[in-house]
């Protein structure tokens, strides 16, 4: 099974968890887009709360009802992909640039279900560069604070600003910048998550620790349903 087939199988299985009357958080990224497309084919009677403008446009184009998180602050379910997930269902997210809104929607949901292909499953988080969302004002000062933090934690402190297709700084839907941290491996994700969030200038980071309830992972043997350990 190819990666795209694994994503598609997981997305189709995820649709089976969606029931009429639900309020559902709609994630961002390639796997979440497959899930939204599957919802568009099935047309359940739900309200979707998108985590990005791209997801909102897709959902509306498929005829799905959408609302903002302010309009629907209490959600039954959030469905989203992940850039990495480990055996405890801790995640790295934000490859699609929507980490802040994804975390807000997940926090407003009774359950967050991750949909992914088997290539996203890792022993330890960190192979995928960790996204950190930063306010533009004083961005280099914030980057120096992060470098000092990583150095103190014994982690690699190389980093790069994410660029858009024209070579300009990529902006999130909230108008912030993203700094990607290639860490290689993160020995203590919870510690790093807390330290980054406490760093002045950081809006949010892509470590989702203790957030996901379960994961649907597509692979050669079909779709695995994994609960939090």
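Some observations on this one:
- Strands (runs of 3 or more DSSP E) within the range 174-222 that include 3 or more residues in contact with a helix residue (DSSP H, G or I) (Cβ under 6 Å, 6 or more places away or on another chain) and modelled with pLDDT of 95 or more: 202-205, 214-219
- Set side by side, the residues 43, 13, 56 differ, and just one is over 26 Å from residue 172 (Cα atoms), out of contact with any helix residue (DSSP H, G or I) (no Cβ under 9 Å at 6 or more places or on another chain) and surrounded by 18 or more Cβ atoms within 10 Å (Cβ to Cβ), which is 13.
- Any hit, the range 98-115, residues being surrounded by fewer than 20 Cβ atoms within 10 Å (Cβ to Cβ), modelled with pLDDT of 95 or more and more than 24 Å from residue 72 (Cβ to Cβ): no
- Some residue of the range 89-98 being in a helix (DSSP H, G or I) and touching a residue at least 24 places away in the same chain (Cβ under 8 Å): no
- In the set (1) in the same structural domain as residue 213 (by TED's automatic domain parsing); (2) at positive phi, residue 114 fails one condition alone, (2).
- Residues of the range 131-144 satisfying the condition of being at negative phi and either touching a helix residue (DSSP H, G or I) at 6+ places or on another chain (Cβ under 8 Å) or surrounded by fewer than 17 Cβ atoms within 10 Å (Cβ to Cβ) (or both): 131, 132, 133, 134, 135, 136, 137, 139, 140, 141, 144
- Of the residues making up the range 21-43, those that are closer than 15 Å to residue 75 by Cβ and assigned to a loop (DSSP other than H, G, I, E, B) are 21, 22, 27.
- Flag if residue 126 is in contact with a helix residue (DSSP H, G or I) (Cβ under 9 Å, 6 or more places away or on another chain), at positive phi and either in contact (Cβ under 8 Å) with a residue 24 or more places away in the chain or not in a helix (DSSP H, G or I) (or both): yes
- The residues in the range 193-213 that are touching a residue at least 60 places away in the same chain (Cβ under 8 Å) and either surrounded by 15 or more Cβ atoms within 10 Å (Cβ to Cβ) or more than 16 Å from the chain's Cα centre (by Cα) (or both) can be counted, and the count is 13.
- For residue 152, the stated conditions hold: it is free of Cβ contacts under 8 Å to residues at least 24 places away in the same chain and either out of contact with any helix residue (DSSP H, G or I) (no Cβ under 9 Å at 6 or more places or on another chain) or more than 19 Å from residue 102 (Cα to Cα) (or both).
- Test result for residue 8, under 18 Å from the mean Cα position of the chain (by Cα) and farther than 23 Å from residue 210 by Cα: yes
- Residue within the range 167-174 that is under 24 Å from residue 51 (Cα atoms), over 22 Å from the mean Cα position of the chain (by Cα) and surrounded by fewer than 14 Cβ atoms within 10 Å (Cβ to Cβ) present: yes
The values are calculated or read from the model by the stated rules, or taken from the named source; none is laboratory data. This one's a predicted model, so the numbers in the text were calculated from it and none came from an experiment. Virtual Cβ from ideal backbone geometry, glycine too; neighbours counted across all protein chains shown.
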